[in-house]
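The values are calculated or read from the model by the stated rules, or taken from the named source; none is laboratory data. These figures come from a predicted structure and were not determined experimentally. Every residue, glycine as well, gets a Cβ built from its backbone with ideal geometry; the counts of neighbours run over all protein chains shown.
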């Protein structure tokens, strides 16, 4: 019997096949027509590995690295090849730990101390594995079988995780010759798919580098991110203080009703860090505090809590948001797709902003606008303001660290803070938790709770949000004087009960279905925290789940 496959990203081109066909074989027929190498397929809105076999009429979108899930497929496949090469060279007992994104790559530590010669040998072995085009095989094993494998690989935290979850019957195990590892995402069919990588020595570990979505055709250029390295190191120390380093540790705390102490300790760490930052601002004698971070970082709660700590230090504060300086309706700018652009700095009336900040610092009275999106436009006459003695200006917004916004202010007068949620916990040693996923979960819950926006809308907008962050926020984080980690180590267990019902409502026929299923697969490894009374009402997490005394 004949079936048809409609390829959506090739102008609905139709491929006809008999009975059944492997998606990789479909790809071979059209790959020369696609702009970049493909690592994943979206079949009738569900993510499917290229090894998947279809037996019916369907629609397919082939995904390259510009898609977040395909990018993760590439990373995980590269990690498996790296582990295989390390074990081939230095023995199976070497433990490889994938820590976090850093310097346009993955920061990896190991029980083996690498020399320059070891790095060269590892790269050579990886290239041999890739050139051999070895198959990467997937098999489903029982949970008990996966626990046995975890014990054999001496992955204690993976075994503990499998023991702690009750809603999973089988686990996907990937093998590359004699190397078998548990991965919780899809991988490519064979090693030849992973052509681009590099390895650099860094600090006490390595940076495993690869292409990025902005340009899938080249390895992303190395970018020194010393501040982020220190931030991740601090996050790791926080996890160690609370004895929560992996998801299984968090689940164990929940299982034995030992959550309250962990929550209070996390909040105390946040408060101490905010207090320390307030002291730094006082020491520098800065007059303008600039707070910047990507979507759902908790900027508003952090900014208001910082204002409280500055008050403790004897300062009054004037809180301002750059969103109030959007251009008027007839001055709006548009992006390359012809849509209204509210993300780039071109959307901000920078001339008015700089003029008013200068006048405030000169002691003049200023009519600060309030932007009304229902007009849309600025409303004046509501905030006639003049700075008092010992009053600081606290500015929060996505462009706060862009010098174009504050070019008329001396660097000596500015104190810049970058904020983002960096989780210190991982699923296991080589399955990390993406900061991007953490932020999307926060936004998904907040959008529904406070903006009556369904999960599919949040998911559909997320690629555009991420693209804006790459252009308008991340290039400036190195300018910060200090970093604040807004992650709450327990937040996935709290967000789960809000996010799961929203994600489950997304139907198969909706384009966002695949991403919803990916997030649901991720959340199933967390036990939920149902009782929220232990979460203080000034917690950053309250900005997303409600009950905040700071963000109304």
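Here is the figure for the range 467-482: residues that are surrounded by 18 or more Cβ atoms within 10 Å (Cβ to Cβ) and over 14 Å from residue 400 (Cβ atoms) total 1.
When 446, 508, 466, 439 are checked against the criterion of being touching a residue at least 40 places away in the same chain (Cβ under 8 Å), touching a helix residue (DSSP H, G or I) at 6+ places or on another chain (Cβ under 6 Å) and not in a strand (DSSP E or B), 446 stands alone in meeting it.
Figure legend. Inter-residue proximity from the range 55-68: first residues over 16 Å from residue 38 (Cβ atoms), second residues in a strand (DSSP E or B) and at pLDDT below 95, beta-carbon distance below 7 Å, spacing 6+ or different chains. Indicated pairs: 56/3; 57/3; 57/4; 58/5. Report whether or not residue 476 is touching a residue at least 24 places away in the same chain (Cβ under 8 Å) and more than 28 Å from residue 346 (Cα to Cα). Considered against the rule, which asks whether it is touching a residue at least 24 places away in the same chain (Cβ under 8 Å) and more than 28 Å from residue 346 (Cα to Cα), residue 476 comes out as no. Residues in the range 115-139 that are crowded, with 18+ Cβ neighbours inside 10 Å and more than 17 Å from residue 78 (Cβ to Cβ): 118 only.
At least 2 residues being farther than 26 Å from residue 82 by Cα is the threshold, and among the strands (runs of 3 or more DSSP E) wholly inside the range 204-294 those reaching it are 288-292. Residue 254 - would you say it is outside the structural domain of residue 465 (by TED's automatic domain parsing), in contact with a helix residue (DSSP H, G or I) (Cβ under 8 Å, 6 or more places away or on another chain), in contact (Cβ under 8 Å) with a residue 12 or more places away in the chain and within 24 Å of residue 428 (Cβ to Cβ)? The answer is no for residue 254.
Annotation: of all residues in the range 18-36 being part of a strand (DSSP E or B) and closer than 16 Å to residue 50 by Cα, the one that is nearest to the chain's Cα centre (by Cα) is 22. Of the residues in the range 216-231, at least one is out of contact with any strand residue (DSSP E or B) (no Cβ under 7 Å at 6 or more places or on another chain), surrounded by 13 or more Cβ atoms within 10 Å (Cβ to Cβ) and modelled with pLDDT of 90 or more. Residues in the range 523-546 that are in a helix (DSSP H, G or I) and buried (at least 21 other Cβ atoms within 10 Å of the Cβ): 543, 544. Among the residues of the range 69-91, those that are in contact with a helix residue (DSSP H, G or I) (Cβ under 9 Å, 6 or more places away or on another chain) and surrounded by fewer than 19 Cβ atoms within 10 Å (Cβ to Cβ) comprise 69, 88, 89, 90.
Among (1) touching a strand residue (DSSP E or B) at 6+ places or on another chain (Cβ under 6 Å); (2) within 16 Å of residue 190 (Cβ to Cβ), where does residue 48 come up short? Answer for residue 48: the failing condition is (2). Give all pairs with beta carbons closer than 9 Å in which a residue from the range 3-30 that is in the same structural domain as residue 50 (by TED's automatic domain parsing) and modelled with pLDDT under 90 meets a residue that is part of a helix (DSSP H, G or I) and surrounded by fewer than 16 Cβ atoms within 10 Å (Cβ to Cβ); count only pairs at least 6 apart in sequence or on separate chains. That search, which allows pairs on different chains as well, returns 17/25. Does residue 323 qualify as being part of a helix (DSSP H, G or I), touching a residue at least 12 places away in the same chain (Cβ under 8 Å) and surrounded by fewer than 20 Cβ atoms within 10 Å (Cβ to Cβ)? Criteria met by residue 323.
Taking the stated definitions as given, is residue 178 at pLDDT 85 or above and more than 20 Å from the chain's Cα centre (by Cα)? In short, yes.
Taking the criterion of being surrounded by fewer than 19 Cβ atoms within 10 Å (Cβ to Cβ) and either touching a strand residue (DSSP E or B) at 6+ places or on another chain (Cβ under 8 Å) or under 28 Å from residue 240 (Cβ atoms) (or both), the residues of the range 275-307 that qualify are 275, 276, 279, 280, 284, 300. The condition of being out of contact with any strand residue (DSSP E or B) (no Cβ under 7 Å at 6 or more places or on another chain), at pLDDT below 95 and not assigned by TED's automatic domain parsing to the domain that holds residue 162 holds for only one of 478, 539, that being 478.
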